[in-house]
Structures are given as structure tokens and as C-alpha cells.
């Protein structure tokens with residue numbers, strides 16, 4: 001396990017050091033939660049236009065519940081594993097670039113940003129796949145870039161991000177199946193004419 005953590009640290013330093021001041025502002029904006037409100041609004045609009053009211057409301061409730069699940073699972077892992085963020089380690093601070101003005105919470109395993117965005121990408125991408133074939137792939141690339149942004153700004157190791165994306169993707173898939181079950185169980189008409 002120590003060898004894996006050493007590789008993770010080495011990969012973090014390599015990826016984090018690729019950054020330049022030219023790109024710092026871009027990645028700081030990219031990683032900010034509020035930056036993506038227009039994207040979330042667009043996705044809600046697409047869902048609203050494609051779905052009847054009941055399935056749309058089910059989606060809203062499931063997305064809220066899904067984010068709570070991914071966030072709280074991340075918190076459980078962080079408090080259970082106690083793996084310090086790289087920016088909280090004195091021995092790394094001279095080898096890395098901390099782009100953000102502050103480091104964030106003490107522990108970083110695993111990334112809630114990576115988990116939340118991948119869960120949204122999978123869940124909404126699958127729901128809209130029949131009408132918007134390539135949207136899921138665009139959303140997955142968006143989520144992967146979100147994960148990378150956490151490494152770039154210096155607050156997460158690659159393993160934090162990878163585990164967050166895998167668990168987020170699995171959560172998004174699970175909630176998609178839950179949505180499908182609810183729609184079938186209550187015989188909702190899912191698409192607007």
C-alpha cells in the first residue's frame with residue numbers, strides 16, 4: 001500500500017507541476033461550483049423539455065438525493081481514512097503548486113467534486129441518451145476535467161480523484177436504475193410528445 005501511495009504522490013507532483021500561471025485562472029474558474037450553474041440550468045431545461053412533469057420531478061428529487069449520497073460518502077471516507085490533502089503536507093509544499101488561496105478541509109480521500117460531477121454526468125447522460133446521443137460523452141469529459149482541476153490546483157491526489165470518479169459513476173448508474181424502476185413502477189409517461 002505504501003508503494004501505491006508513493007506512486008500516487010509522484011504522479012500528483014508530475015501532474016500538478018505541469019501547470020503554469022497562464023492557465024491558473026482557467027482551472028480555478030473551472031473547479032468552482034458556481035461556474036457550472038448555467039450548465040446545470042441547461043441540463044434541467046433539456047430534461048424539462050423532454051420529460052413530462054412527474055418524471056421531471058422524480059429526476060430533481062433523485063439528483064438532490066444522489067448529491068447528498070456522494071457528498072456524505074466522501075465525508076465518511078475522509079473521516080475514516082484520514083489521508084491528508086497534499087497541500088497540508090509540509091514535505092510536499094515546496095514541490096507542488098497550490099493555486100487555490102486556501103487548501104480546503106484537512107483530509108482529501110476521496111474527492112467529492114470528482115464524485116458529484118461524475119454521478120451527474122452518468123445519471124443525466126443516461127436519461128437523455130436516447131434524445132442526445134453524444135451528451136453523455138461530453139458530460140464524462142467535463143467530469144474528468146473537473147477531477148483533473150482538483151489535482152491542478154493542488155488539493156487532491158490522483159487516487160482521490162480516480163476513486164471519486166469511480167464511486168460517483170457507480171452512484172450515478174445506481175440512481176439511473178432507481179429512476180427507471182420508479183418510472184416503470186408508477187407507469188409514468190416519460191417523454192413529452
Q. Would the range 106-129 turn up any residue that is on the phi > 0 side of the Ramachandran plot, in contact (Cβ under 8 Å) with a residue 12 or more places away in the chain and surrounded by fewer than 23 Cβ atoms within 10 Å (Cβ to Cβ)?
A. no
Q.
Every residue in the range 15-25 that is in contact with a helix residue (DSSP H, G or I) (Cβ under 9 Å, 6 or more places away or on another chain) and part of a helix (DSSP H, G or I), please.
A. 15, 16, 23, 24
Q) Looking at the range 145-152, is at least one residue crowded, with 24+ Cβ neighbours inside 10 Å, in a helix (DSSP H, G or I) and without any contact (Cβ under 8 Å) to a residue 40 or more places away in the chain? A) yes
Q. Any idea which of (1) within 18 Å of residue 33 (Cβ to Cβ); (2) touching a residue at least 24 places away in the same chain (Cβ under 8 Å) is the one residue 101 doesn't satisfy?
A. (2)
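Does the range 166-173 include one or more residues that are crowded, with 24+ Cβ neighbours inside 10 Å and either part of a helix (DSSP H, G or I) or at pLDDT below 95 (or both)? Steps first, please.
First pass over the range 166-173, keeping only residues crowded, with 24+ Cβ neighbours inside 10 Å: 168, 172.
Within this subset, residues satisfying the condition of being either part of a helix (DSSP H, G or I) or at pLDDT below 95 (or both) are 168, 172.
Yes, some residue in the range 166-173 is crowded, with 24+ Cβ neighbours inside 10 Å and either part of a helix (DSSP H, G or I) or at pLDDT below 95 (or both).
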**Q.** Subset of the range 35-56 [over 21 Å from residue 168 (Cβ atoms) and surrounded by 12 or more Cβ atoms within 10 Å (Cβ to Cβ)]
**A.** 48, 50, 51, 52, 54, 55, 56
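The values are calculated or read from the model by the stated rules, or taken from the named source; none is laboratory data. Quantities reported herein were computed from a predicted structural model and do not represent experimental measurements. As a convention, Cβ positions derive from the backbone with ideal geometry for all residues, glycine included, and neighbour counts pool all protein chains shown.
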